[in-house]
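Input: a single structure, listed below in structure tokens.
The values are calculated or read from the model by the stated rules, or taken from the named source; none is laboratory data. Values in this document were obtained by computation on a predicted structure and should not be read as measured data. Here the Cβ is made from the backbone with ideal geometry for all residues, glycine too, and neighbour counts use every protein chain on show. Each accessible area value is taken on the protein alone, full model and side chains, heavy atoms only, with ligands, DNA and RNA left out. Shrake-Rupley method; radii C 1.70, N 1.55, O 1.52, S 1.80 Å.
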Amino acid sequence: MDPKGLELLLPPTTLAALADSWLREDCPGLNHAALVSGAAPSQAVLWAKSPGVLAGRPFFDAIFARVNCQVSWFLPEGAKLVPVAKVAEVRGPAHCLLLGERVALNTLARCSGVASAAAAAVEAAKGTGWTGHVAGTRKTTPGFRLVEKFGLLVGGAAAHRYDLGGLVMVKDNHVLAAGGVEKAVQAARQVADFTLKVEVECSSLQEAVEAAKAGADLVLLDNFRPEELHPTAAALKAQFPGVGVEASGGITLANLPQFCGPHIDVLSLGMLTQAAPALDFSLKLFPEGATPMYNAHRS
């Protein structure tokens, strides 16, 4: 997906509410350091100090907008970062600029980290010639899901369902509670109507066939080794060519190519959000009229 225009997916009221909550978490009471910095007009440069994919500009903007600062970007969303890179400039009252600094950096670093991991996974999959979807999961940080899902999209991956309402996912515990695959799928179909797809987590070909017969739109083959996954998916597709097949569990950037195959439609990786390292950014003030230069000793 082209990162251009993705910010339109983010409602301004939601961005403002998130920015407010993050800022309140960081400074719920007195901001003692404000007396040190003062309120004089100030400017700072955002530097990227590690390679990766830039993601999260709308969140960065929303945070600084709430503290009366303005951001000017030098690089677009989805840009490949080659350190040390001058990414943006922020202007506003000194105490406001520094109030938003850490919150904005945390958000941008995390979102860019997820985007970078997603981009690496998509590149690894495309390198095999596979044309399916690399996707994230619901394994996200509480309160930070929108940022991480957005990072997946910027990195070129699919976000998967945003929440429990985006897809009727029947997992192993649901099957056990319902009393079997067929009963679980029948119950799911009653609530799914025409707006939602039903996906069933399966641990064997037998379960997958049972789920497809019962009316599942997708089958999740979970924790299959590659040598088991591909024959199982082929056998299922031979009987039910219209059923989508998702593979998940144990997939990493290193072994992802082994899971790519002609009968696999989706590969989902929890590690894209759970294990993605944050990128390194810093925000450095500079005097008006001076040319900002990166100083490693001040990072």
Alpha-carbon centroids, the stretch 254-299 and the stretch 55-101: separation in whole Å: 16
Which residues in the stretch 65-107 have a backbone N closer than 15 Å to a point placed 7 Å from the Cα of Ala17 along the Cα-to-Cβ line? none
Return the carbon/sulfur percentage of the accessible area of the stretch 185-299, one whole number, probe 1.4 Å, all protein chains in place. 54
Taking the dipole about the Cα centre of the chain, with the C-beta of Lys and Arg at +1 and of Asp and Glu at -1, give me whichever of Ala48, Ala120, Ala216 is farthest to the positive side. Ala48
Heavy-atom accessible area order for Lys284, Lys171, largest first, 1.4 Å probe: Lys171, Lys284
Got the relative contact order for the chain handy, in percent, Cα pairs under 8 Å and 6 or more residues apart? 22
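Skip the ligands, DNA and RNA, and give the accessible area per residue of the stretch 51-117 with a 1.4 Å probe, whole Å².
Roughly 36 Å² per residue, with all protein chains present.
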At 1.4 Å probe size, with every protein chain present, just tell me what the per residue accessible area of the stretch 169-299 comes to in Å². 52
List the pairs from Lys86/Lys149; Lys80/Lys149; Lys149/Lys213 whose alpha-carbon separation is above 27 Å, in the order I gave them. Lys149/Lys213
Which value, in Å² and to the nearest 10, is the accessible area of Asp2 when all protein chains are kept and the probe is 1.4 Å? 100
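Return the calculated 222 nm mean residue ellipticity for the chain, to the nearest 500 deg cm²/dmol, obtained by summing -39500 (n - 2.57) across DSSP H runs with n ≥ 4 and dividing by the residue count. Mind dumping the intermediate values first?
Numbers: 11 runs with 123 residues, N = 299.
After summing the helix terms and dividing by residue count, I get -12500 deg cm²/dmol.
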